[in-house]
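The values are calculated or read from the model by the stated rules, or taken from the named source; none is laboratory data. Because the structure is predicted, anything quoted here is derived from the model rather than measured. Positions of Cβ are backbone-derived with ideal geometry, glycine not excepted, and every protein chain shown enters the neighbour counts.
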Amino acid sequence: MARHVFRCVDGHTAGNPVRLVIEGGPELEGDSMSARRQDFMARYDWIRTGLCFEPRGHDMMSGGFLYPPTTPEADVGILFIETSGCLPMCGHGTIGIVTFALEHGLIKPRTPGKVIAEVPAGVIELDYVQDGARVRSVRIRNVPSYLAQQGIRIDVPDFGPLTVDVAYGGNFYAIIEPQGAYTSLDDLGAARILQLSPVIRTLVREAFTPIHPLDPTIRGVSHLLWADRPKGEGADGRNAVFYGDKAIDRSPCGTGTSARLAHLHATGRLAVGQTFVHESYIGSRFIGRVEAETEVGGRPAIIPSVEGSAIATGLNEIWIDDEDVFAHGFQV
Ligand code: PYC
């Protein structure tokens, strides 16, 4: 019998789960976090499904592992896992992982208040505010984000036509703004979002395959962002981000917010220096900002930043036992 033991700090960022594995992660091969992501997917995906799917996880489960970075400028390397796969970048995950790692002394930043992290999508800078043992907030200066395609027309059965844009913020997002049969998130409701989103994602995938110009392993629309007008006071926009097969992000989604900032900037609706307070489906918030203009592979892009906070909910020792018929998890 083999029992694989994973010691984790569990918690959440703005309501969405973060499971940071602090012991038990596999050794990975590769000379970058992107190459290690490929190695993890090829040899250890059972760890992701075992930790994220039922019975140890649930539809929204998300988390990651810490690794020594492969580049000397970084303090830490991060590998993300989620029900939808092994993401190039995860914003709510980064905020949670860095918060819990700092609180447990697992990252030793060279400059207090700053962490440089190498993630599969690139190198990101994080500013954090610590108050005693608690990390109060983390601001991610994210990878260059850009509008990849505008005006993709699809016809959604039992719903009607939609025109969607695709933007990159660490993952590729199909962004759906209110139009036609989509009047607002509240009119649509969670059950209908979960029913329509996989159908829409398939239609968008049939129409367009984005490929990152600098890292072709990052390709394809993985997530949907239903954009909406703000609901709460002081917010600038609201969203429901769909991922995996059945998840609506409980946080405003860090990479989704980055993609949305790039989308709004590219369409002349958000200037450099402007902030954008983004509300999640449950009303939690991230503060986004367009930090600078840049380019990626010759395309106009922005550097977005996203600020939020996370809280640990407990330590969790999780066993994956080879004799368990559900060792690698299941989805219904
Ligand atoms: O915060 O970037 C994010 C994210 C991706 C998927 C779920 N959350």
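Summary table below
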{"read-out": "Residue, nearest to the ligand (Cβ to nearest atom), within the range 232-255, restricted to residues that are basic (Lys, Arg) and in contact with a helix residue (DSSP H, G or I) (Cβ under 8 Å, 6 or more places away or on another chain)", "value": "246"}
{"read-out": "Condition check for residue 288: among the small types (Gly, Ala, Ser), in a strand (DSSP E or B) and either more than 10 Å from the ligand (Cβ to nearest atom) or surrounded by fewer than 22 Cβ atoms within 10 Å (Cβ to Cβ) (or both)", "value": "yes"}
{"read-out": "Number of the condition not met by residue 146 [criteria: (1) in contact with a helix residue (DSSP H, G or I) (Cβ under 6 Å, 6 or more places away or on another chain); (2) within 13 Å of the ligand (Cβ to nearest atom); (3) not aliphatic (A, V, I, L, M)]", "value": "(2)"}
{"read-out": "Failed criterion for residue 42 (all others in (1) aliphatic (A, V, I, L, M); (2) over 15 Å from residue 320 (Cβ atoms); (3) more than 16 Å from the ligand (Cβ to nearest atom); (4) surrounded by 15 or more Cβ atoms within 10 Å (Cβ to Cβ) hold)", "value": "(4)"}
{"read-out": "Any pair with Cβ under 6 angstrom, 6 or more apart, that starts in the range 60-82 at a residue that is on the phi < 0 side of the Ramachandran plot and at pLDDT 95 or above and ends at one that is in a loop (DSSP other than H, G, I, E, B) and within 11 Å of the ligand (Cβ to nearest atom)", "value": "61/83; 80/87; 80/90"}
{"read-out": "Residues that are within 11 Å of the ligand (Cβ to nearest atom), part of a helix (DSSP H, G or I) and farther than 19 Å from residue 127 by Cα, drawn from the range 52-99", "value": "none"}
{"read-out": "Number of positions in the range 25-51 that are out of contact with any Asp or Glu (no Cβ under 6 Å at 6 or more places or on another chain) and part of a loop (DSSP other than H, G, I, E, B)", "value": "6"}
{"read-out": "Search result, residues across the range 151-206 that are surrounded by fewer than 16 Cβ atoms within 10 Å (Cβ to Cβ), in contact (Cβ under 8 Å) with a residue 40 or more places away in the chain and within 24 Å of residue 88 (Cβ to Cβ)", "value": "198"}
{"read-out": "Any chance residue 19 is basic (Lys, Arg), away from the ligand (no atom under 16 Å from the Cβ) and in contact (Cβ under 8 Å) with a residue 12 or more places away in the chain", "value": "no"}
{"read-out": "Residue 216 vs. criteria within 13 Å of the ligand (Cβ to nearest atom) and not in a strand (DSSP E or B)", "value": "no"}
{"read-out": "Leading residue by the ranking (nearest to residue 15 (Cα to Cα)) among those in the range 60-82 that are charged (D, E, K, R) and surrounded by 19 or more Cβ atoms within 10 Å (Cβ to Cβ)", "value": "82"}
{"read-out": "Yes/no for residue 269 being part of a loop (DSSP other than H, G, I, E, B), of a type outside the set (Val, Ile, Thr) and under 15 Å from the mean Cα position of the chain (by Cα)", "value": "no"}
